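The next block holds one structure in the form of structure tokens; read it before the comments.
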Amino acid sequence: MNPQQDTIYANATGQITDFQFDQRVAGVFNDMIRRSVPGYAQIINTIGDFANRFVTPRSNIYDLGSSLGSATLSIRRQIEGRECQIYAVDNSQSMIERCNENLAAYVSDIKVNLLCADIREIDIQNASMVVLNFTLQFLPIHDRDALIKRIYDGMLPGGILVISEKLFFEDNQIQQLLDEQHLDFKRANGYSELEISQKRSALENVMRPDSLNVHQKRLTENGFSHFSVWFQCFNFASMVAIK
Ligand SMILES: Nc1ncnc2c1ncn2[C@@H]1O[C@H](C[S@+](CC[C@H]([NH3+])C(=O)[O-])CC(=O)[O-])[C@@H](O)[C@H]1O
Ligand SMILES: O=C(O)C(=O)Cc1ccccc1
């Protein structure tokens, strides 16, 4: 889908600017996310399995922060013939363009509406499945609650919300341990110390992980009846909430 290798932070730059999902990142994003997020492939596959279980005929599916469309593709493969529509939403024009090419590479009877829009502003309705795969962590903290509420309101009873996130741990020793394990994962995938530290600086103001407690509280307080972590590797987790 995207063979380009991520070398974005390979050379020393005087001033590190905030991380953006621009054309450069979109061009290497598959390589970047696979080498940076432990369990990413497993999570994408399982999102497809969840779709198979939860997506009901003639309902909508929302992939919020869809990037290159990996989750959308995994879902679409599982729900042929159910007369559903998928809404894949991202506010990066570069991601949308590449996502469009990726979707066009496969035949399907499921319509995908690819929207270049802010996920805080789109209409959500008749949803049997909503996916926030590593997206919520990029929203300003104060906007997260309102988005979860709007998702809940737009979902059908029995519908599933999948949220994958980098986690923050209140216990400082655990935070340090799992952060270090994640850095080892990146080193093992060929990232240098310079790449790791420059990307870390770029993400500092942009990506703000919540703790598991904060996620669970937000989901249950906004009405979800069932909640669990279904996957965790180091400080990366994927959660499900069912309406
Ligand atoms: N307010 C916003 N509105 C719309 N899009 C946004 C917003 N904020 C960020 N994004 C978009 O959310 C995506 C987050 S990446 C998701 C991976 C994908 N889900 C995957 O399964 O491969 C995760 C990561 O890079 O760690 C980017 O494409 C942003 O442009
Ligand atoms: O690379 C990291 O350190 C991360 O925390 C994950 C990530 C992956 C892709 C884009 C932004 C953040």
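The values are calculated or read from the model by the stated rules, or taken from the named source; none is laboratory data. Source: prediction; values computed, not measured. Here Cβ is always computed from backbone atoms with ideal geometry, including for glycine, and neighbour counts include all displayed protein chains. Ligands, DNA and RNA are excluded from the accessible area calculation, which covers all protein heavy atoms including side chains. Shrake-Rupley method; radii C 1.70, N 1.55, O 1.52, S 1.80 Å.
Applying the condition of being in a loop (DSSP other than H, G, I, E, B) and within 11 Å of ligand 2 (Cβ to nearest atom) to the stretch 178-201 and asking which residue is surrounded by the most Cβ atoms within 10 Å (Cβ to Cβ) yields TYR191. In the stretch 81-120, of all residues being β-branched (Val, Ile, Thr) and under 14 Å from the mean Cα position of the chain (by Cα), the one that is surrounded by the most Cβ atoms within 10 Å (Cβ to Cβ) corresponds to ILE119. Would you mind stating whether GLN78 is open to solvent by 50 Å² or more (accessible area, probe 1.4 Å) and in contact with a strand residue (DSSP E or B) (Cβ under 8 Å, 6 or more places away or on another chain)? When the stated conditions are applied, GLN78 does not pass them.
Residues that are open to solvent by less than 30 Å² (accessible area, probe 1.4 Å) and part of a helix (DSSP H, G or I) do not occur anywhere in the stretch 168-177. The single condition among (1) away from ligand 2 (no atom under 12 Å from the Cβ); (2) part of a helix (DSSP H, G or I); (3) surrounded by 15 or more Cβ atoms within 10 Å (Cβ to Cβ); (4) among the charged types (D, E, K, R) that ASP143 does not meet is (3).
You will find that of LEU167, LEU178, LEU139, the residue that is touching a residue at least 60 places away in the same chain (Cβ under 8 Å), touching a Leu at 6+ places or on another chain (Cβ under 9 Å) and not acidic (Asp, Glu) is LEU167 and no other.
So, of the residues in the stretch 146-167 that are within 14 Å of ligand 1 (Cβ to nearest atom) and assigned to a helix (DSSP H, G or I), which turns out to be nearest to LEU219 (Cα to Cα)?
ILE148
Tell me, which residue of the stretch 202-213 that is within 15 Å of ligand 1 (Cβ to nearest atom) and among the hydrophobic types (A, V, I, L, M, F, W, C) is least open to solvent (accessible area, probe 1.4 Å)? Ranking the qualifying residues of the stretch 202-213, first place goes to ALA202.
Could you grab me the full set of residues in the stretch 121-136 that are within 11 Å of ligand 1 (Cβ to nearest atom) and open to solvent by less than 10 Å² (accessible area, probe 1.4 Å)?
VAL131, LEU132, LEU136
If you check PHE54, PHE29, PHE21, which single one turns out to be within 28 Å of ASP123 (Cβ to Cβ), among the aromatic types (Phe, Trp, Tyr) and more than 15 Å from ligand 2 (Cβ to nearest atom)? Step by step, each of PHE54, PHE29, PHE21 is checked, and only PHE54 is within 28 Å of ASP123 (Cβ to Cβ), among the aromatic types (Phe, Trp, Tyr) and more than 15 Å from ligand 2 (Cβ to nearest atom).
For the stretch 1-31, the set of residues classified as away from ligand 1 (no atom under 15 Å from the Cβ) and closer than 15 Å to VAL206 by Cβ consists of ILE16, THR17, listed by residue number.
Within the stretch 146-166, the set of residues being open to solvent by 20 Å² or more (accessible area, probe 1.4 Å) and closer than 18 Å to THR46 by Cβ comprises just one member, LYS166. What do you reckon, is LYS111 within 16 Å of ligand 2 (Cβ to nearest atom) and among the charged types (D, E, K, R)? For LYS111, the condition - within 16 Å of ligand 2 (Cβ to nearest atom) and among the charged types (D, E, K, R) - is not met.
The criterion of at least 3 residues that are touching a residue at least 60 places away in the same chain (Cβ under 8 Å) and within 17 Å of LEU156 (Cβ to Cβ) is met by the following helices (runs of 4 or more DSSP H) wholly inside the stretch 38-111: 40-54.
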